[in-house]
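Chemist: Before I ask anything, let me first share the structure, which is written out below as structure tokens.
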Amino acid sequence: MGTQPLVLVADDEPRITRLVSIILAPEGFRVVTANGGEEAVRKAEEIRPDVVLLDIVMPDLDGIEVMQQLRELRPVPVILLTAKGSTLDKARGLDLGADDYVAKPFHPEELAARVRAVLRRASGSMPGQGIVAFDDVEIDLERRMVTRSGQLVQLSRTEWLLLQHLANNPGKVVLHTELLTKVWGPEYRDDLQYLRVWISRVRRKLGAAAGEPGRIRTFQGIGYLLDIGPKSTRPAGAPALA
């Protein structure tokens, strides 16, 4: 079995799959291609790729459906490829469970960097250290599970890694740069807007109401803190939460 990371790329445009192969092969990746969603699911079962790149718009199964089917088989990082590049489109793709999102046309160096970053997140998670509990939430760091009121909370790989870093430091401020570097890689250390999107997603998964910070407190310009203490009203002058 090869030691190079195995990438499965699915797109109904042959020129895109060829381009991805041309970009990633010299970067040390093995690339297998699929020309549609159904073929992508079939090949993923056969070859068990380390990361999957999926075009959102395909004629048989779209990228979202493929991603959901793959996640039912086993955890696998997914990067969505699409011609749409607006902020709303990116947020939608992330909200549906993708680990990252690359808009076409993409820069070769950016694509390779994002694949490497997703693979680092997948392989570099920290070992668990017991259970962190607050309100009706339990974060099991050993089993890598989160429950609310006894019900399993579905988290994407990126959501889990972000929450894991916070839960391993309960009651402590984790710096923006530390979270970005550990979860996404050093090339993302200044991408605060990217971090805010994911923090918002995790907050909702933990039960925070829309527009409320819940248990993940924001320290403006510094970082985030997972507050596991007794519930209390934030006093005047306390750090803003966003």
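The values are calculated or read from the model by the stated rules, or taken from the named source; none is laboratory data. Given the structure is predicted, the values throughout are model-derived calculations rather than measurements. Neighbour counts run over all protein chains shown; Cβ positions are idealised from the backbone, glycine included.
Chemist: Among (1) at pLDDT below 90; (2) crowded, with 17+ Cβ neighbours inside 10 Å, where does residue 221 come up short?
Modeler: Here residue 221 clears every test but (2).
Chemist: Which residues, counting only those in segment 147-180, are buried (at least 19 other Cβ atoms within 10 Å of the Cβ), in contact with a helix residue (DSSP H, G or I) (Cβ under 7 Å, 6 or more places away or on another chain) and outside any loop (DSSP other than H, G, I, E, B)?
Modeler: Those that are buried (at least 19 other Cβ atoms within 10 Å of the Cβ), in contact with a helix residue (DSSP H, G or I) (Cβ under 7 Å, 6 or more places away or on another chain) and outside any loop (DSSP other than H, G, I, E, B): 157, 158, 159, 161, 162, 163, 174, 176, 179, 180.
Chemist: Do you know which of the residues in segment 2-23 that are farther than 16 Å from residue 57 by Cα and of a type outside the set (A, V, I, L, M) is surrounded by the most Cβ atoms within 10 Å (Cβ to Cβ)?
Modeler: 5
Chemist: OK, next. What is the residue count in segment 191-227 for residues that are part of a helix (DSSP H, G or I) and hydrophobic (A, V, I, L, M, F, W, C)?
Modeler: Number satisfying all stated conditions: 6.
Chemist: Give the residue that is modelled with the highest pLDDT, with candidates limited to residues of segment 129-146 that are within 21 Å of residue 68 (Cα to Cα) and surrounded by fewer than 20 Cβ atoms within 10 Å (Cβ to Cβ).
Modeler: Of all residues in segment 129-146, those within 21 Å of residue 68 (Cα to Cα) come to 144-146.
Still in the running and surrounded by fewer than 20 Cβ atoms within 10 Å (Cβ to Cβ): 144-145.
Working: 144: 82, 145: 87.
Filtering segment 129-146 for residues that are within 21 Å of residue 68 (Cα to Cα) and surrounded by fewer than 20 Cβ atoms within 10 Å (Cβ to Cβ), the one modelled with the highest pLDDT comes out as 145.
Chemist: Sticking with this one: Collect the residues in segment 102-121 that are within 20 Å of residue 56 (Cβ to Cβ), of a type in the set (D, E, K, R) and either modelled with pLDDT of 85 or more or crowded, with 18+ Cβ neighbours inside 10 Å (or both), keeping them in residue-number order.
Modeler: 110, 114
Chemist: I need the full set of residues from segment 183-218 which are surrounded by 18 or more Cβ atoms within 10 Å (Cβ to Cβ) and modelled with pLDDT under 90, in order please.
Modeler: Result: 183, 184, 185, 188.
Chemist: Shifting gears a bit: Identify the residue in segment 72-93 that is among the charged types (D, E, K, R) and over 17 Å from residue 47 (Cα atoms) and, among all such residues, is modelled with the highest pLDDT.
Modeler: Residue satisfying both the conditions and the ranking: 92.
Chemist: I'm trying to understand the selection: among the residues of segment 200-232, which are hydroxyl-bearing (Ser, Thr, Tyr) and more than 21 Å from the chain's Cα centre (by Cα)?
Modeler: Within segment 200-232, just 232 meets the criteria.
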